[in-house]
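Written below as structure tokens is the structure these notes are about.
The values are calculated or read from the model by the stated rules, or taken from the named source; none is laboratory data. Note that the coordinates shown come from a computational prediction; the quantities given were computed from them, not determined experimentally. Counting neighbours? That spans all protein chains shown, and the Cβs are built from the backbone with ideal geometry, glycine included. Remember, those area values only see protein heavy atoms, side chains included, never the ligands or the DNA or RNA. Shrake-Rupley method; radii C 1.70, N 1.55, O 1.52, S 1.80 Å.
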Amino acid sequence: MKKLLISAALMATFALSGCETTGGNMNTGNAMGTANEIGMSVFEAAIDNQCRSQIEQQNAWRIASVAMTQAQQEAVKGRVCGCVSEQAPQQVTLVELGNAAIDPQYRVQLVAKVVAKSLQSCYSSIIR
């Protein structure tokens, strides 16, 4: 309950600071925008790392990668995990991101959930 209250307060702060930026002080808006961008970059990096780890555990990848060079494997992983990273922001809510920002265990669970949801569809679309 305490975590939910903290994340709700965090989200309210973001919402209210957005209203503040329509007025005089644009530095606050820029700082909030930068903080959001940094947070999303960290989230996307975690998604990419988890994706690369999970892709190597799939049987389809193990079979397909035998016929590829190391460079080809990295190129395919980059395209598949790039697809997963692009889909990630569409699969999470602001509340989930707020909870992930304050709870490392929740962050791990959220990243695993997002990767699991989109890895197979991205892999299938890239390999075709």
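Would you point out the residue of segment 84-95, among those that are open to solvent by 30 Å² or more (accessible area, probe 1.4 Å) and in a helix (DSSP H, G or I), that is nearest to Q120 (Cα to Cα)?
Result: Q87.
If I filter segment 107-128 down to residues being among the hydroxyl-bearing types (S, T, Y) and touching a residue at least 40 places away in the same chain (Cβ under 8 Å), which single residue comes out as least open to solvent (accessible area, probe 1.4 Å)? Give the derivation first.
Filtering segment 107-128 down to residues among the hydroxyl-bearing types (S, T, Y) leaves 118, 121, 123-125.
Cutting the leftovers down to touching a residue at least 40 places away in the same chain (Cβ under 8 Å) gives us 123, 125.
On the way: Y123: 13, S125: 67 Å².
Out of the qualifying residues, it is Y123.
Looking at segment 96-105, which of the residues that are touching a residue at least 60 places away in the same chain (Cβ under 8 Å), part of a helix (DSSP H, G or I) and over 12 Å from M40 (Cα atoms) is most open to solvent (accessible area, probe 1.4 Å)?
By that ranking, first place goes to I102.
Quick check: is even one residue across segment 43-52 surrounded by fewer than 18 Cβ atoms within 10 Å (Cβ to Cβ) and at pLDDT 90 or above?
Yes, segment 43-52 contains a residue that is surrounded by fewer than 18 Cβ atoms within 10 Å (Cβ to Cβ) and at pLDDT 90 or above.
So is G29 within 22 Å of Q87 (Cβ to Cβ), surrounded by 14 or more Cβ atoms within 10 Å (Cβ to Cβ), out of contact with any strand residue (DSSP E or B) (no Cβ under 7 Å at 6 or more places or on another chain) and at pLDDT below 75 or not? Break it down into steps so the answer makes sense when it comes.
Working: within 22 Å of Q87 (Cβ to Cβ): no; surrounded by 14 or more Cβ atoms within 10 Å (Cβ to Cβ): yes; out of contact with any strand residue (DSSP E or B) (no Cβ under 7 Å at 6 or more places or on another chain): yes; at pLDDT below 75: yes.
Taking the combined requirement at face value, the residue does not satisfy it.
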